[in-house]
Amino acid sequence: MMRLDSCSSAPSSSESDLHGDSLGDLSDSSVDRERSFLSRLPRRHRRQSATSVSTNPGEDAYVMVLQNRQGLCDDLRSIVTSRDVCDVTFLVGEERKPVHGVRAVIATRSKLLYDLIVSHEKNRNKDSKRHCSRVKRTLYKLNCASSRRHLMKTSSTRLTIPMTSFDPESFQKLLNYIHSGTLSVDARTVIGLLNAAYMFGFPELRQACWDFALGCTARADNLSDLLASAKMYHNHKMTILLLKTIKNFTEVFPEIKNQIDVVDNILQNNAETEVIQGILELK
């Protein structure tokens, strides 16, 4: 399993002041005074955490910089589990499983995915206006006093977007990554995430999934799960590129030789699908 974390809590060079590593540029007396003061604090005031604190006691302006990236990641990760906070719902896969998200967060992370949201919202607003107009006329004729409440309820319906191109588990992981910068990937979900990262513009995720998928070819159990997932995404560009690359490794990994027929069948299915699509476009 691969774990990708773009919101790492590991201290950067600017955060190393927490350990006193970057205090060497300051005057020794200032550093000693601060360390002496901190050492005299009661233990309850010197709690250790994932928070990074840096100070500059030697400067004229005594400033503290506080960073708690891991805490931020954990809080953002919990957003997608709170439906009251989320304002957009994707109906994923053939079973149309709901996957929730926050439009403002999505907008800052993926322009392509946000454009999709905006497009569906415009279409919904047009349909809603037509629907409200018909309801107004009908309720006016019936002299219904609840017309305003009905219209308000109709206009506040949550935005829902069909997402049939992906399986629910992979797309849920993508939404987790969008909101928190962290996700875990295994052989069953890497193909879906690889194609989603390509489609919605996450080059770092795409490269990580590509490398991990190639690594799955070294083990027979992982390769079986990988190819089972590839069958679901046989008409996606990144799947085809990956399988063609895997075929070049048959001399290196014997596991691929045992599954080469499966690889060829997936590629053949994609070729047939492209021919059918071409015929339909000509019509």
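The values are calculated or read from the model by the stated rules, or taken from the named source; none is laboratory data. Quantities reported herein were computed from a predicted structural model and do not represent experimental measurements. Don't worry about glycine lacking a Cβ; one is built from the backbone with ideal geometry, like all the others, and counts go over all protein chains shown. Side chains are part of the model used for accessible areas, which takes the heavy atoms of the whole protein and leaves out ligands, DNA and RNA. Shrake-Rupley method; radii C 1.70, N 1.55, O 1.52, S 1.80 Å.
Sticking with the crude label model, points 7 Å out along Cα→Cβ, report the distance from Arg103 to Ser165 in nm, one decimal please.
Placing both labels 7 Å along Cα→Cβ, they lie 2.1 nm apart.
Only Cα pairs under 8 Å and at least 6 apart count here; give the relative contact order of the range 61-117 as a rounded whole percent.
Numbers: 43 pairs, mean separation 12.5, N = 57.
Answer for the range 61-117 is 22 percent.
I want to check the label-to-label distance for Asp74 and Arg3. Put each point 7 Å from Cα in the C-beta direction and report it in nm to one decimal.
In this crude spin-label approximation the distance works out to 1.3 nm.
Once R0 is set to 30 Å, what does the formula 1/(1 + (r/R0)^6) return for the Cβ-Cβ distance between Thr250 and Ser184, expressed as a FRET efficiency to the nearest 0.05? Kindly include the intermediate steps, with their values, before the conclusion.
Numbers: r = 29 Å, r/R0 = 0.97.
Efficiency, from the Cβ-Cβ distance: 0.55.
Suppose R0 equals 41 Å. What FRET efficiency, 1/(1 + (r/R0)^6) with r the Cβ-Cβ distance, do Glu204 and Tyr62 give to the nearest 0.05? All intermediate terms of the calculation are to be shown ahead of the outcome.
Details: r = 37 Å, r/R0 = 0.91.
Calculated transfer efficiency: 0.65.
His179: accessible area at probe 1.4 Å, nearest 10 Å²?
Counting only protein heavy atoms, the figure is 10 Å².
Rolling a 1.4 angstrom probe over the protein heavy atoms, how many square angstrom per residue are accessible across the range 194-244?
42
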